[in-house]
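*Asks:* Have a look at this one before I ask anything.
The values are calculated or read from the model by the stated rules, or taken from the named source; none is laboratory data. As the structure is a computational prediction, the values presented were derived from the model and not from experiment. We place every Cβ from the backbone using ideal geometry, glycine too, and count neighbours over all the protein chains shown. All accessible areas refer to the heavy atoms of the entire protein, side chains included, with ligands and DNA or RNA removed. Shrake-Rupley method; radii C 1.70, N 1.55, O 1.52, S 1.80 Å.
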Amino acid sequence: MTGTILVCGGAGYIGSHMVRLLADRGFEVVVFDDLSTGHRESIANVELVEGDVRDAAALDALFGAFRFEAVMHFCAKSLVGESVLKPLEYYENNVGGSISLVQAMQRHGVDKLVFSSTAAVFGEPESELIDEDHPKSPLNPYGHSKLMVERMLADVAAAHGLRAVALRYFNAAGASLAGGIGESHDPETHLIPNVLKAAAGSGPRLKVFGTDYDTRDGTCVRDYIHVDDLARAHLAALEFMTREEGFHAFNLGNGQGFSVLEVIQAAGKVVGRDVPYEVAERRAGDPAVLVASSALAAKKLGWQPEITDLEAIIESAWHWHREQRY
Ligand code: NAD
Ligand code: UDP
């Protein structure tokens, strides 16, 4: 596929890695972002149109100004804990924004969409590895909001011929090996950046949210997947949509789970010093274990993660943190 790709939310953590990969592969890229959590500096030299995906008039102007081959939709509020406290903001931005974007695509005759979904659509796992057929019972409003969008995309695909791929990322981690971009949220809630800040002494002592889960060491287990591997899956999804109609969902992870304490230990090795931490209460909405089976993505998208070693993933994040002088 060639042509211009609209990357909504392209100034954010994962979106900016996507934008870099698209540009490296010769695509024209336009970013649409309200910069609520994204950063203009992350997409230097790329066309940025500032606006909110919930703003139909702004989208009409955008789609009128460019001819898009496909859309990637990274915009969302995406913090599990915050979603429990502020559910309406999550439904409004994540569901409302997606409806508004798909309506604009329809008005302007654009029929291919890659949507950022999440492991949070599943809830507590009923099997060791979570595949696409696993029951969906989100434990928090964030997961519910993403599942609602998946449902909507499937319905719109059936009724109106939209081609859509939902990529359910497990825990995005790491940073571009080429440097210059990485994870930067304020406040930062994600584990790996907080571990690195604690190790560097530029953030507070890490709080380990719960040590009484039914896991090997009592802390939550997650599947950390490198952000550049996620970006590569989106390219594969673009190709896939040229061949396949309808709505499709794929789980994207490494298939390996690491506990919070294991991440702390691996980060200690990468940084060369112990990570100061303390035990804290469980965080609302957190399932004990989330580990992906990505066999379907391997089969249908021809995608496999390339950066699978946890220390290598943390090393790439550490490189970015040092660039930030944390
Ligand atoms: P991020 O907050 O860094 O990026 C989101 C981007 O969308 C930001 O640039 C923000 O300014 C923009 N945005 C948000 N609401 C908008 C709106 N209404 N209009 C226009 N722009 C808007 O988050 P991220 O970690 O890069 O996540 C990207 C996507 O991937 C999200 O949809 C998230 O739910 C999903 N996801 C992330 C993870 C993860 O581990 N980070 C895991 C699973 C799924
Ligand atoms: N976590 C933690 N301390 C932190 C941040 C996260 O113990 O400061 C735990 C959190 O409870 C979860 C895991 O680390 O079990 C990954 O959390 P993160 O917010 O990075 O991603 P999520 O799984 O919520 O998408």
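*Asks:* Could you list log10 I(q)/I(0) for the stretch 193-326 at q = 0.18, 0.22 Å⁻¹, which the Debye formula gives when each Cα is one point scatterer?
*Replies:* -1.03, -1.26
*Asks:* Taking all protein chains as present, what is the carbon and sulfur share of the accessible area of the stretch 1-96, in % to the nearest whole number, probe 1.4 Å?
*Replies:* Percent of accessible area from carbon and sulfur atoms in the stretch 1-96: 49.
*Asks:* Can you figure out the FRET efficiency of residue 158 with residue 262, using R₀ = 30 Å and their beta-carbon distance, to the nearest 0.05?
*Replies:* The formula returns an efficiency of 0.10 here.
*Asks:* A further question follows. Within the stretch 176-240, report the GluC sites (Glu not before Pro) that DSSP leaves as loop and that have at most 16 other Cβ atoms within 10 Å.
*Replies:* Sparse-neighbourhood loop GluC sites (Glu not before Pro): 188.
*Asks:* Looking at the stretch 196-252, which trypsin sites (Lys or Arg not before Pro) are in a loop (DSSP not H, G, I, E or B) and have at most 15 other Cβ atoms within 10 Å?
*Replies:* 205, 216
*Asks:* Okay, next question. Taking the solvent-accessible surface of protein heavy atoms with a 1.4 Å probe, what is the per residue accessible area of the chain in Å²?
*Replies:* Ligands and nucleic acids excluded, the result is 43 Å² per residue.
*Asks:* Say we join alpha carbon atoms closer than 10 Å with springs in a Gaussian network model of the chain; which of 204, 187, 138 then has the biggest fluctuation?
*Replies:* Of the options given, 187 has the highest mean-square fluctuation.
*Asks:* At residue 88 and residue 278, where each label point lies 7 Å from the Cα along Cα→Cβ, what is the point-to-point distance in nanometres?
*Replies:* So the label points at residue 88 and residue 278 sit 3.5 nm apart.
*Asks:* Just in the stretch 1-49: which trypsin sites (Lys or Arg not before Pro) are loop by DSSP and have at most 16 other Cβ atoms within 10 Å?
*Replies:* Loop-located and lightly packed - 25.
*Asks:* Give me the percent of accessible area attributable to carbon and sulfur for the stretch 190-326, probe 1.4 angstrom.
*Replies:* The value for the stretch 190-326 is 45 percent carbon and sulfur by accessible area.
*Asks:* Using label points projected 7 Å from each Cα along Cα→Cβ, tell me how many nm separate residue 239 and residue 214, to one decimal.
*Replies:* About 4.1 nm, to one decimal.
*Asks:* Given the pairs 77/136; 112/299; 136/269, which span a C-alpha to C-alpha distance of over 30 angstrom in this model?
*Replies:* Where the Cα-Cα span goes over 30 Å, the pairs concerned are 136/269.
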